[in-house]
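As structure tokens, the structure follows; a few thoughts come after it.
FYI, it's all coordinate maths here, none of it is from the lab. For clarity, every value in this text was computed on a predicted model and none was experimentally measured. Virtual Cβ from ideal backbone geometry, glycine too; neighbours counted across all protein chains shown.
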Amino acid sequence: MSFNILSIAGTDPSGGAGIQADLKAFSALGGYGMTVVTALVAQTTTGVTEVHDVPARFVTSQLDTLLRDVRVDAVKIGMLSNAEVIGAVADAIDAYRLPNVVLDPVMVAKSGDRLLAEEAVGALRSQLLPRADLITPNLPESADLLGCTEAVDLAEMAEQAHRLVELGPARVLLKGGHLRGATSTDLLLAPDAPPETLTAPRVDTTNTHGTGCTLSSAIAALRPQRPDWSSAVRDAKSYLTEALRHADELDVGHGKGPVHHFYAWWQEKKASGS
Ligand SMILES: Nc1ncnc2c1ncn2[C@@H]1O[C@H](COP(=O)(O)OP(=O)(O)O)[C@@H](O)[C@H]1O
Ligand SMILES: Cc1ncc(COP(=O)(O)OP(=O)(O)O)c(N)n1
């Protein structure tokens, strides 16, 4: 059985984030990757120089053309740039009843450059959060969605995760990568289940470009292959940690380099039956 995984996101010519990272994660984890482009971004490991938004009408055209032909088993949504594109994607989720929607509420790149217009945060909150099966905010994104300050520890993360679930997504993975410490801990929360803590050793590397894109795409790729969201998220985090461990083997750019999509990982894991 093969699974078709769709990324709706912006581009990264350096291949570390956005649609390029998403396709690498899909392939590495055994999915068949497809894309709908929302924005063309001139960016690399050192930051963003220019963003060219794809008109919302053309985002709809890409979605309609694809979805009239191809079955989609899971969707990862990343950079959406503006409120019109958010509306186009929300309409497509409803019209085609898209399953397994993972929304990474991308707002600002690690370089500090905005990837979602400030005035579009409300549209993201009201139109897409309630349509998502899982949202994967980092700490600044959580604070923006809730209109509060960034969480500084696990207790505050837990409190924010509860408030995010109340905004309508079926579940929340609040990522704690921006905190310091020997481990990197995320919280998974669904209304009908106790909170889960996912902890991985913090990898000592500055090559963290595209961690958020990679994690959300890995979850989308694994969800149709796993019995539940919890196991898909846990395996995706293991995949990301492995990709971070191998990041320093790459030699890409002069800034924060990309993580290394480690294609052998999934094959080895499947072969060992784990
Ligand atoms: N140095 C690191 N070592 C291990 N895991 C990390 C590291 N940095 C980030 N992560 C993990 O990568 C994922 C995304 O991280 P985060 O930085 O919180 O989000 P984003 O990339 O969207 O800003 C999370 O699972 C986080 O725990
Ligand atoms: C086109 C595009 N989408 C998303 C991001 C943000 O990527 P992320 O994985 O959160 O990590 P950084 O790139 O911010 O390190 C992006 N840069 N470009």
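I need a count of the residues in the range 114-127 that are away from ligand 1 (no atom under 16 Å from the Cβ) and either in a helix (DSSP H, G or I) or within 16 Å of Gly168 (Cβ to Cβ) (or both). Before the answer, list the steps.
Quick first cut of the range 114-127, residues away from ligand 1 (no atom under 16 Å from the Cβ) only: 117-120, 122-123, 125-127.
From what is left, the residues that are either in a helix (DSSP H, G or I) or within 16 Å of Gly168 (Cβ to Cβ) (or both) are 118-120, 122-123, 125-127.
The qualifying residues number 8.
Per-residue answers, yes or no, for (1) among the small types (Gly, Ala, Ser); (2) on the phi < 0 side of the Ramachandran plot; (3) more than 16 Å from ligand 2 (Cβ to nearest atom); (4) in a helix (DSSP H, G or I):
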position: Pro130; (1), (2), (3), (4): no, yes, yes, yes
position: Ser142; (1), (2), (3), (4): yes, yes, no, yes
position: Arg163; (1), (2), (3), (4): no, yes, yes, yes
position: Leu167; (1), (2), (3), (4): no, yes, yes, no
position: Asp186; (1), (2), (3), (4): no, yes, no, no
position: Pro191; (1), (2), (3), (4): no, yes, yes, no
position: Ser217; (1), (2), (3), (4): yes, yes, no, yes
position: Arg223; (1), (2), (3), (4): no, yes, yes, yes
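Name the single residue, out of those in the range 68-113 being among the basic types (Lys, Arg) and within 18 Å of the chain's Cα centre (by Cα), that is nearest to ligand 1 (Cβ to nearest atom). Spell out how you get there, then give the answer.
Going residue by residue through the range 68-113, those that are among the basic types (Lys, Arg) are 68, 71, 76, 97, 110.
Still in the list and also within 18 Å of the chain's Cα centre (by Cα): 76, 110.
Numbers: Lys76: 13, Lys110: 6 Å.
Filtering the range 68-113 for residues that are among the basic types (Lys, Arg) and within 18 Å of the chain's Cα centre (by Cα), the one nearest to ligand 1 (Cβ to nearest atom) comes out as Lys110.
Might you check whether a residue that is more than 7 Å from ligand 1 (Cβ to nearest atom), surrounded by fewer than 17 Cβ atoms within 10 Å (Cβ to Cβ) and farther than 24 Å from Asp153 by Cβ occurs anywhere in the range 206-227? Break it down into steps so the answer makes sense when it comes.
Going residue by residue through the range 206-227, those that are more than 7 Å from ligand 1 (Cβ to nearest atom) are 206-207, 209-210, 213-214, 216-227.
After this cut, where a residue has to be surrounded by fewer than 17 Cβ atoms within 10 Å (Cβ to Cβ) as well, the list is 206, 226-227.
Still in the list and also farther than 24 Å from Asp153 by Cβ: 226-227.
Yes, that holds for at least one residue.
When you go through (1) assigned to a strand (DSSP E or B); (2) closer than 20 Å to Val106 by Cα one by one for Leu240, which number turns out not to apply?
In the conditions (1) assigned to a strand (DSSP E or B); (2) closer than 20 Å to Val106 by Cα, Leu240 misses (1) alone.
Just to be sure before I move on: is Gly18 surrounded by fewer than 20 Cβ atoms within 10 Å (Cβ to Cβ), under 22 Å from Thr206 (Cα atoms) and touching a residue at least 40 places away in the same chain (Cβ under 8 Å) in the structure I sent? Break it down into steps so the answer makes sense when it comes.
Numbers: surrounded by fewer than 20 Cβ atoms within 10 Å (Cβ to Cβ): no; under 22 Å from Thr206 (Cα atoms): yes; touching a residue at least 40 places away in the same chain (Cβ under 8 Å): yes.
No: the conditions fail for Gly18.
Test His178 against the stated conditions and say whether it is surrounded by fewer than 24 Cβ atoms within 10 Å (Cβ to Cβ) and near ligand 1 (Cβ under 10 Å from one of its atoms). Spell out the reasoning first.
On the way: surrounded by fewer than 24 Cβ atoms within 10 Å (Cβ to Cβ): yes; near ligand 1 (Cβ under 10 Å from one of its atoms): yes.
Criteria met by His178.
Limited to the range 243-258, what total is found for residues that are within 26 Å of Leu134 (Cβ to Cβ) and assigned to a helix (DSSP H, G or I)? Let's see the steps before the verdict.
Just the residues of the range 243-258 that are within 26 Å of Leu134 (Cβ to Cβ), to begin with: 243-247, 256, 258.
Okay, now just the ones that are also assigned to a helix (DSSP H, G or I), so 243-245, 247.
Within the range 243-258, residues that are within 26 Å of Leu134 (Cβ to Cβ) and assigned to a helix (DSSP H, G or I) number 4.
Go through the range 107-122 and give me each residue that's touching a helix residue (DSSP H, G or I) at 6+ places or on another chain (Cβ under 7 Å) and in contact (Cβ under 8 Å) with a residue 40 or more places away in the chain.
The one that is touching a helix residue (DSSP H, G or I) at 6+ places or on another chain (Cβ under 7 Å) and in contact (Cβ under 8 Å) with a residue 40 or more places away in the chain: Ala120.
Residues of the range 228-253 being aromatic (Phe, Trp, Tyr) and either within 13 Å of the chain's Cα centre (by Cα) or buried (at least 24 other Cβ atoms within 10 Å of the Cβ) (or both), which ones? Reasoning before the result, please.
In the first step, residues of the range 228-253 are kept if they are aromatic (Phe, Trp, Tyr); the result is 229, 239.
Matches in the range 228-253: Tyr239 only.
Would you pick out the residues in the range 23-56 that are surrounded by fewer than 24 Cβ atoms within 10 Å (Cβ to Cβ) and part of a loop (DSSP other than H, G, I, E, B)?
Across the range 23-56, the qualifying residues are Gly30, Thr45, Thr46, Val54, Pro55.
Hey, can you tell me all the residues within the range 132-153 that are in contact with a strand residue (DSSP E or B) (Cβ under 7 Å, 6 or more places away or on another chain) and surrounded by 18 or more Cβ atoms within 10 Å (Cβ to Cβ)?
Step one: filter the range 132-153 for residues in contact with a strand residue (DSSP E or B) (Cβ under 7 Å, 6 or more places away or on another chain), giving 132-137, 140, 142.
The answer is Ala132, Asp133, Leu134, Ile135, Thr136, Pro137, Ser142.
If Gln20 meets every condition in (1) within 16 Å of the chain's Cα centre (by Cα); (2) within 16 Å of ligand 1 (Cβ to nearest atom); (3) not basic (Lys, Arg); (4) not in a helix (DSSP H, G or I) apart from one, which number is that one?
(4)
Any chance you could count how many residues in the range 72-103 are under 20 Å from Ala25 (Cβ atoms) and more than 16 Å from ligand 2 (Cβ to nearest atom)?
Going through the range 72-103 one residue at a time, the tally reaches 7.
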